[in-house]
Structure formats: C-alpha cells, structure tokens
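Visitor: Sending over a structure as structure tokens; questions will come in a sec.
The values are calculated or read from the model by the stated rules, or taken from the named source; none is laboratory data. Please read these numbers as outputs of a predicted model, since none were measured by experiment. We place every Cβ from the backbone using ideal geometry, glycine too, and count neighbours over all the protein chains shown.
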Amino acid sequence: MLKIYNTMTQQKEVFKPIEEGRVRIYTCGQTVYDDVHIGNARTYSSWDVVIRYLRYKGYDVFHVQNFTDVGHLTDDEDQGEDKIEKRAREQKINPWELVDKQIQEYWQVIDDLNIQRPNISPRATALIPDMIQIIQILIEKGYAYEVQGNVYFNTKKFKDYGKLARLKLDEEKAQARIAQDPLKKNYFDFALWLNARKGDQIHIMRWNSPWGEGYPGWHLECSVMGMKFLGETLDIHCGGIDHIPTHHPNEIAQSEAATGKKFVNWWMHAEFITLNGKKMSKSLGNYVTARQLIDEHGGLIVRMGLVSGHYRSAVDWNPKVIENAKNNIEKIRNCLTAIEHSSGGNEETLEEAIKTVKSDFEESMDDDFNNPKALAAIYEFIKKINSSLKNKKEILVTARDTLLELLNIFGLDFSKKEESVDIKLNELMDVIIGIREKARKEKNYAISDEIRDNLRETGIQLEDTPNGPRWKII
C-alpha cells in the first residue's frame, strides 16, 4: 500500500488516484535561462524515481513537465526583470535563441542522467491564448482586476489563500507593500498578466491581449499547462521546497478560483541541495552544473549520487558523495561480473533471497519513496549473491535480472557502455580534443574531421556544441 507525504496535510497518506490505474502528474520544470545545476538535477532525478516506481507498480503514468520560457521575473513577487530577457541581453543574443539553446542543453543533461522524458513538455509561450482565457474567467468571477495593462489576482477574494504554505496575511506588511507598489490592492496579490511597457523599456517577448501588449505571469503558466493536459484536478504536483511559499499557493488560488474544483490531491516537494556545507550560489563561487559533473564522472555515477538520499531530506553534495557513488557502482558491477563468469552449481539458496529483496524494496518504496532504505535492501541482496555463486545458473540469472530490474527504478542502467568511462579515458580525450581544436584553429579541417571520424569508428562520438566539444561512448 503506497503512502505519499502530502505537503498540504503534512502527513503520509495512502495514495489513491482519481482514475483507477492511471496517474496524472505534473512536475515544475526548468526556467530556460541557465544551465541545469546540480540542485535541478537532483529534483528531476527524484521525480523520475517516483514515476518509475509508479509504473513498476502497474500504474499508467501520464507525466507533464513544463518549460518556462517567459514571465519568470528575477523576484518571485512580480518585481525585477524577466530572467530570460536579462540573460539574453547579457549574452547579446535574442531571447528566443537563448531559449532554444538552453532547451537543447537541458535535454542533453536529462538523457545523460537517464531521466525519462515526460509525455509532454509544453512551453509556456505555446499556451498564451489559454492563459488569456483563464484570466478573463477570473476577472468575470471577481477574482482578478486590471490596472494600467497589468492584471492581478485578488488574494482577499479567495478563501484560505496560502493554505499550502500556511501563510498568515499580515495587514501591516500589506500597507508597506502598497506604498512600494501602488498598482496592487493587497500585499499577497500576484500578477496574471504584465504590461510589456515599463517606462522606456519594452518587453521583447510580448503578445496582444484585451489589456494591451504584455506577457503572462509565471504562476499562471503552470496552472494552465497542468490543466490543459491533465484535467482540472491533478493526482500529483511536484516541485522544490522553494515553491511552497509563493508559486504553488498562487497556482492553487488561480486554478481553484477559475474551476471551482480542487486543483491537486497530492503535493510533493523536494529539499534543497548544498555544496560542501554551503548554500549553492554563483556569487560565492559555490555553484556547479550537472554537465560539469557528468563530464568529469559520467552520468551513472552522478545519477547514483543524486538518488541515494530521500527526496524530502537535504543533501550536501561533497567529494564523499561521489566517492560513495563510485564504490557502490563498483560493488554492483563486480556482482554482475561474478554472476556472468560463474559456472553455477546445484545450490538453491538464492530463491528466498530474491523474494525477500523484492518485498523489502517495495516496502521501503511504498513508504513515501524511501530511496536509502530500498538501496540498502539491494546492497544486502548483492552480499547474498556474492556468497551464493554456486547456485544453479538459472537461479543466478533470475537474481541478476531482479537486481537490474530494481536498479532500473532508480534510473541506474548498467547496460550502457558509456558508464565504463574512467578518469584515464577522460584525460586521454582531453588531449585528443586539444589536438583537434588546435587543428581547427589552424583551419586544418581535414585533420579535424579525420580525428572525429576515427573516434566514431572506435565507438566515441564527438560533438561540437555552443559550449565547446563534448564526447560520449556510443
């Protein structure tokens, strides 16, 4: 019996989907102005494990994860500049070009970490008409108001606003807020639509609307994309703990005000990740992208590090995490190799262990996806296999298949050749790429192409990307 911790009720509840055998799940995706950092990767890996386990249990899972490609401002309180337009200006490129580049980079990281792609990955900009329609409904129902081309949600009109975050509306703060932003009636009011013109600046990404040229608010986007593809009530909505105070309460308010129905049955939130004991921050130089780690250690090792903790527990990413991940990967590989090379025997001692590991694994995962406990059951199973290599060969094969099946729920695929890459090969490839880059600079493209083609013949694919050469074993 699967129990999932619900942020709304702050307790574990027996999971029962709206439609028997089918799960509708929405996960907050990337605002595509920057590369995927290790915190993003940890969150996406956590939800991937959730979805894989639901499918393992026989559910037909329909997963929607968005791309926010407009409207996410540098301040969640509707202040500041659009993150995408700001970054595009810094890079001296068009915002649409930045979006396309970052989405391409995103998919490369997701694939290298063996995170299953969602059924649908909508861009916010593809659903502007749907957003305008919802805003019109909210205005007609008295939940929203327009001021100078901006449309705001009136939180005073929605009963229990902030119930997810257990917010208490503070009138003193409201008065202070009105002094700073006279367009809003109340402190917690939030933007549904923003005027494209702010003084002398004009937002490049803008659309026509009944309130003039503008663009949607970040919070509205997720509501519309979720309901568009999953219906007015979702089984599960996932995100980071940073979404609890503002983003998700705003989603609930606008969605339920528009439809009159409960928006989400289960809210799941992943904890933050720190780096060497400190909050991750570019300004502090304490920041690492998923791509950097994948290129250095390989996707399998990074993935192991990302899924070894519980999604609701804070994780400190430090050298020990990588070291433990490498040791556990080696432990699994050694076991698989031992099974492969064993000639077997006449013993039948592993049959009970196979039943036990599946039972212990499922019991752990049914308890709000307890990854650490489930992995502990797998490691105990590996010990039993290693001490039982004289079992009949068919039993050993069954043990191997069981091991691989359970590991696959964590996205740990030991069939990929690329994951056998070690540091020496990384160093060798650095030398080869350096030689090829020198040839390219000297416009000796014949040698450059020959190096690339020869690498492909040996099973290594070299790609030239906007961020420099990248390689992988194929």
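Visitor: Among the residues of the stretch 131-152, count how many are aliphatic (A, V, I, L, M), assigned to a strand (DSSP E or B) and surrounded by 15 or more Cβ atoms within 10 Å (Cβ to Cβ).
Guide: So the count comes out to 2.
Visitor: Test I244 against the stated conditions and say whether it is under 30 Å from K3 (Cβ atoms) and either touching a helix residue (DSSP H, G or I) at 6+ places or on another chain (Cβ under 7 Å) or modelled with pLDDT of 90 or more (or both).
Guide: yes
Visitor: Give, as residue ranges, the helices (runs of 4 or more DSSP H) completely inside the stretch 269-369 that count at least 1 residues that are more than 20 Å from the chain's Cα centre (by Cα) and of a type in the set (G, A, S).
Guide: 319-341, 350-366
Visitor: When you scan the stretch 116-130, how many residues do you find that are in contact (Cβ under 8 Å) with a residue 40 or more places away in the chain and either buried (at least 19 other Cβ atoms within 10 Å of the Cβ) or not in a loop (DSSP other than H, G, I, E, B) (or both)?
Guide: Here the count works out to 9.
Visitor: Which one of the conditions (1) over 15 Å from V64 (Cα atoms); (2) modelled with pLDDT of 90 or more; (3) under 20 Å from the mean Cα position of the chain (by Cα); (4) among the hydroxyl-bearing types (S, T, Y) does S255 fail to meet, given that it meets all the rest?
Guide: (3)
Visitor: Sticking with this structure for a sec: Which residue pairs have Cβ atoms under 7 Å apart, sit 6 or more places apart or on different chains, and have a first residue in the stretch 388-410 that is outside any helix (DSSP H, G or I) and a second that is of a type in the set (S, T, Y)?
Guide: Taking only residues 6 or more apart or on different chains, the pairs are S388/T349; L389/S342; N391/T349.
Visitor: Let me ask something else about it. Looking at N391, is it among the polar types (S, T, N, Q) and surrounded by 12 or more Cβ atoms within 10 Å (Cβ to Cβ)?
Guide: So N391 passes the test.
Visitor: Would the stretch 373-380 turn up any residue that is within 27 Å of the chain's Cα centre (by Cα), farther than 15 Å from H310 by Cβ and modelled with pLDDT of 95 or more?
Guide: Yes - at least one qualifying residue is present in the stretch 373-380.
Visitor: Another question, then. Which of the residues spanning the stretch 183-209 are modelled with pLDDT of 90 or more, within 19 Å of Q254 (Cα to Cα) and more than 31 Å from the chain's Cα centre (by Cα)?
Guide: The answer is S209, and nothing else.
Visitor: Further question on the same structure: Go through (1) in a helix (DSSP H, G or I); (2) of a type in the set (A, V, I, L, M, F, W, C); (3) free of Cβ contacts under 8 Å to residues at least 60 places away in the same chain and name the single condition L183 misses.
Guide: The failed condition is (1).
Visitor: Taking the residues in the stretch 39-81 that are in contact with a strand residue (DSSP E or B) (Cβ under 6 Å, 6 or more places away or on another chain) and more than 25 Å from Q102 (Cα to Cα) as candidates, determine which candidate is surrounded by the fewest Cβ atoms within 10 Å (Cβ to Cβ).
Guide: Step by step, filter the stretch 39-81, then rank; the result is D60.
Visitor: While we're looking at this one, here's another question. For the stretch 203-255, enumerate the residues that are in contact (Cβ under 8 Å) with a residue 60 or more places away in the chain, surrounded by fewer than 22 Cβ atoms within 10 Å (Cβ to Cβ) and assigned to a helix (DSSP H, G or I).
Guide: Result: K228, F229, H247.
Visitor: On to the next question. Does A338 meet the test of being touching a Phe, Trp or Tyr at 6+ places or on another chain (Cβ under 9 Å) and farther than 26 Å from I460 by Cβ?
Guide: no
Visitor: With the stretch 1-111 as the region, which strands (runs of 3 or more DSSP E) entirely inside it contain at least 3 residues that are more than 23 Å from L412 (Cα to Cα) and touching a residue at least 12 places away in the same chain (Cβ under 8 Å)?
Guide: Counting at least 3 such residues, we get 3-6, 11-14, 22-31, 60-68.
Visitor: Next question. Residues in the stretch 412-442 that are among the aliphatic types (A, V, I, L, M) and modelled with pLDDT under 85: how many?
Guide: Looking only at that region, the number is 5.
Visitor: For the stretch 370-380, how many residues meet the condition of being in a loop (DSSP other than H, G, I, E, B) and among the basic types (K, R)?
Guide: Qualifying residue count for the region: 0.
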